[in-house]
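Let me begin by presenting the structure, written as structure tokens, before commenting on it.
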Amino acid sequence: MAGPVIAITGPRRGAVGPRTLAALAIRLYGGRPLQLRPGDEQRRHEYQGVVVTGGHDIEPVLYAAEPEVEPNYDTARDALETAVIRDALERGLPLLGICRGAQLLNVCRGGSLFQDLRSLRRKTSNRRTLLPLKTLCVPHDPNIAQSVVGTLLGRGCSRINSLHNQGIDRVGTGLLVTGRDLDGIVQAVEDPSRCFLVGVQWHPEFLLYLGSQRGLFRELVKNARTLCPDTTNNGDHPRAGRAP
């Protein structure tokens, strides 16, 4: 049987590195990446899992807030990815949100965002880095220990990278915080009632040399193949997902 199709969303132009690395990770575990960009929504697309990549800030109107920082929005991308996330939620598809993808997942679940994290940082740096120089803390909680992040990264502290200036404020309905940094800023959220619904504030696609980070893509593909509804159908593709 052919591997599951995993939609990888992103901007119309640019972000070649993150999208290529995410696709590489998907292929590594037997998935078939499908790149979706604004403008592709007029065609019908079949996919059994989703990766929402990082990038521009999310327009605050989506969580009923006024802009607090200089605008850096991509309205067309917001519209595409909001619809793809809602489609995945409706159909129970596995989804991995990366950086802005985690933030948009949170917004789609009714949460809100901090538009500028600089004033919240006391123990962590505002420096952006691809290297794993920042600390992720997974609480010593039995429920979180069984989470995807808790299982892959283990309880306690580990190292992650950081390329964001916004972050999760009010946590969306049904989402459990499974990781924070040293300032208590949310770094990972999951819905434990779903087969695989994970948002991480860091960029695991730049850390594929670490088995724990590759594991996020492995578990996404595994769930798309065997665990979620409508991912198998006598060897045929499941019913099509439609990017709006």
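The values are calculated or read from the model by the stated rules, or taken from the named source; none is laboratory data. Please read these numbers as outputs of a predicted model, since none were measured by experiment. Please note: Cβ atoms are built from the backbone with ideal geometry, for glycine as well, and neighbour counts cover all protein chains shown. Accessible surface is based on the protein model in full, side chains and every heavy atom, while ligands, DNA and RNA are left aside. Shrake-Rupley method; radii C 1.70, N 1.55, O 1.52, S 1.80 Å.
Considering only protein heavy atoms, what is the solvent-accessible area of ILE185 at a probe of 1.4 Å, reported in Å² to the nearest 10?
So the heavy atoms of ILE185 present about 10 Å² to solvent.
Going from most exposed to least, what order do ARG180, ARG127, ARG122 have by accessible area with a 1.4 Å probe? Walk me through the intermediate numbers first.
On the way: ARG180 100, ARG127 150, ARG122 185 Å².
Ranked from most to least accessible, the order is ARG122, ARG127, ARG180.
Calculate the tail of P(r) for region 111-169: the fraction of all Cα-Cα distances greater than 15 Å, expressed in %. Kindly include the intermediate steps, with their values, before the conclusion.
Working: 1012 of 1711 pairs.
The answer is 59 percent, as a whole percent.
Tell me, what HN-Hα J-couplings in whole Hz come from the Karplus equation 6.51 cos²θ - 1.76 cosθ + 1.60 at θ = phi - 60° for each residue of region 34-40, using x for Gly and Pro?
For region 34-40, the Karplus-derived couplings read 10, 7, 10, 10, x, x, 7 Hz, x marking Gly and Pro.
If you take the alpha carbon radius of gyration of the chain and divide it by 2.2 N^0.38 Å, what ratio comes out, to two decimals? Can you show the working numbers first?
On the way: Rg = 16.7 Å, N = 244, 2.2 N^0.38 = 17.8 Å.
For the chain, the normalised Cα radius of gyration comes out at 0.94.
Which of rounded, prolate or oblate describes region 33-152 when judged by the alpha-carbon gyration tensor and an a/c cut-off of 1.5?
Working: a/c = 1.84, a/b = 1.20, b/c = 1.53.
Verdict is oblate for region 33-152.
What's the whole-number percent of alpha carbon pairs in region 148-192 lying beyond 17 angstrom?
For region 148-192, the fraction of Cα-Cα distances above 17 Å is 33 percent.
Mind ranking CYS195, CYS137 by accessible surface for me, highest first, 1.4 Å probe? Provide the component values of the computation, followed by the final result.
Working: CYS195 50, CYS137 30 Å².
Sorted descending by solvent-accessible area, the residues read CYS195, CYS137.
How about region 1-76: which trypsin sites (Lys or Arg not before Pro) there lie in a loop by DSSP and see at most 11 other Cβ atoms within 10 Å? List each step's numbers first, then the result.
Values: sites: ARG12, ARG13, ARG19, ARG27, ARG43, ARG44; in loops: ARG12, ARG13, ARG43, ARG44.
Hits after loop and neighbour filter: ARG13, ARG43, ARG44.
Ignoring ligands, DNA and RNA, please state the percent of accessible area on region 1-157 from carbon and sulfur, probe 1.4 Å. Working shown, then result.
Numbers: 3710 of 7330 Å².
Summing carbon and sulfur atoms, their accessible area is 51 percent of the total for region 1-157.
Please work out the average accessible area per residue across the chain, using the 1.4 Å probe convention, and give it in Å².
Ligands and nucleic acids excluded, the result is 44 Å² per residue.
For a quick check: with amide H placed at 1.01 Å from N, whose amide H comes under 5 Å from LEU113's, ignoring anything fewer than 5 positions away on the same chain?
Sorted by chain and number, the residues that satisfy this are ASP169, ARG170.
Taking all protein chains as present, what is the carbon and sulfur share of the accessible area of region 166-218, in % to the nearest whole number, probe 1.4 Å?
53 percent
Please give the solvent-accessible surface of ASP78 in Å², to the nearest 10, using a probe radius of 1.4 Å with every protein chain present.
Approximately 10 Å² of ASP78 is accessible to the 1.4 Å probe.
About the Cα centre, and with charges only on the beta carbon of Lys, Arg (+1) and Asp, Glu (-1), how big is the dipole of the chain? Nearest 20 debye, please.
Values: 31 positive and 24 negative charges, 152 e Å.
Roughly 720 debye for the chain.
Counting only Cα atoms, I'd like the Rg/Rh figure for region 83-189, Kirkwood definition for Rh. Walk me through the numbers before you get to the answer.
Values: Rg = 13.8 Å, Rh = 14.4 Å.
Here the Rg-to-Rh quotient is 0.96.
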